[in-house]
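The values are calculated or read from the model by the stated rules, or taken from the named source; none is laboratory data. None of the values given here were measured: they were computed from a predicted structure. Every residue, glycine as well, gets a Cβ built from its backbone with ideal geometry; the counts of neighbours run over all protein chains shown. Remember, those area values only see protein heavy atoms, side chains included, never the ligands or the DNA or RNA. Shrake-Rupley method; radii C 1.70, N 1.55, O 1.52, S 1.80 Å.
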Amino acid sequence: MVRRATDTPGMLLEPPSGGAFRFDPGALCLELLTTGGPGSLAGYEVLHDPAALRRWVAASRLPGELHLSADDADVAAARALRNALWGMAAAAAHGDDPDPADVSVVNTAAAAPALAPRIGADGSRQWVPGATAGQLLSTVARDAVDLFTGPHAHRVRECGSHDCRLIFVDTSRPGRRRWCAMERCGNRSKVRAHRARTSEDAAPDHARTSEDAAPDR
């Protein structure tokens, strides 16, 4: 499940194993990857129906309230786009060329009309009524085109933890982001490193103790 608090950047991810954490992938198209994916990622699938797609929209970085019209076919299209984005993002993160089939899916979605923004009576950014899932997917796909052809294309990265596959774009100035979130994988790495250092420091003392206790020959 993904949720977004309006006063905090990033999406609140709640994995089945527990331990909710906030994750900011840095791009709308990469936020869609938090809903599941192909292969082994199917176990994290949350896009089961139109209501789930609307919940993702509410949790995403899209501003304002978007009243979306969607059906089961739209949900299937959203999953297809997401899976193609997974392929492209993973290829970018590992310095590989994307699968032409994935590029075709993204380009086809991007070619459709996108969501239309407007200025509300209160001066806020809103969406033109009657938004469709096709427009939503076009907006997501166009964001992917901007990402994978833009200045941050070389900064698409996979989390540095060996057991995490979350992908993000490193928009930090130094370009040294390694983890999906410091509060999750970053802290876990620190704990593992601390335990390793502790074990290394303790090993010589243990060895000396064993040697001292050994009988003279």
Residues that are assigned to a helix (DSSP H, G or I) and either in contact with a Leu (Cβ under 9 Å, 6 or more places away or on another chain) or surrounded by fewer than 20 Cβ atoms within 10 Å (Cβ to Cβ) (or both), drawn from region 143-154: Asp143, Ala144, Val145, Asp146, Leu147, Thr149, Ala153, His154
Condition broken by Ala73, with the remaining ones in (1) touching a strand residue (DSSP E or B) at 6+ places or on another chain (Cβ under 7 Å); (2) in a helix (DSSP H, G or I) satisfied: (1)
Return only the number of the condition from (1) closer than 16 Å to Ile167 by Cα; (2) open to solvent by 30 Å² or more (accessible area, probe 1.4 Å); (3) in contact with a Pro (Cβ under 8 Å, 6 or more places away or on another chain) that Asp71 does not satisfy. (1)
Considering every residue within region 81-91, establish whether at least one is under 30 Å from Gly175 (Cβ atoms), in contact with a strand residue (DSSP E or B) (Cβ under 6 Å, 6 or more places away or on another chain) and either of a type outside the set (D, E, K, R) or not in a helix (DSSP H, G or I) (or both). yes
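When you check Val106 against the structure, is it within 22 Å of the chain's Cα centre (by Cα) and either open to solvent by 40 Å² or more (accessible area, probe 1.4 Å) or of a type in the set (S, T, N, Q) (or both), yes or no? Walk me through how you get there before you give the answer.
Values: within 22 Å of the chain's Cα centre (by Cα): yes; either open to solvent by 40 Å² or more (accessible area, probe 1.4 Å) or of a type in the set (S, T, N, Q) (or both): no.
In short, no.
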What number of residues in region 49-65 are over 20 Å from the mean Cα position of the chain (by Cα) and either crowded, with 18+ Cβ neighbours inside 10 Å or charged (D, E, K, R) (or both)? 3
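From the list Arg165, Arg157, Arg178, Arg173, which residue is open to solvent by less than 70 Å² (accessible area, probe 1.4 Å), modelled with pLDDT of 60 or more and charged (D, E, K, R)? Reasoning before the result, please.
Values: Arg165 fails: open to solvent by less than 70 Å² (accessible area, probe 1.4 Å); Arg178 fails: open to solvent by less than 70 Å² (accessible area, probe 1.4 Å); Arg173 fails: open to solvent by less than 70 Å² (accessible area, probe 1.4 Å).
Answer to the selection: Arg157.
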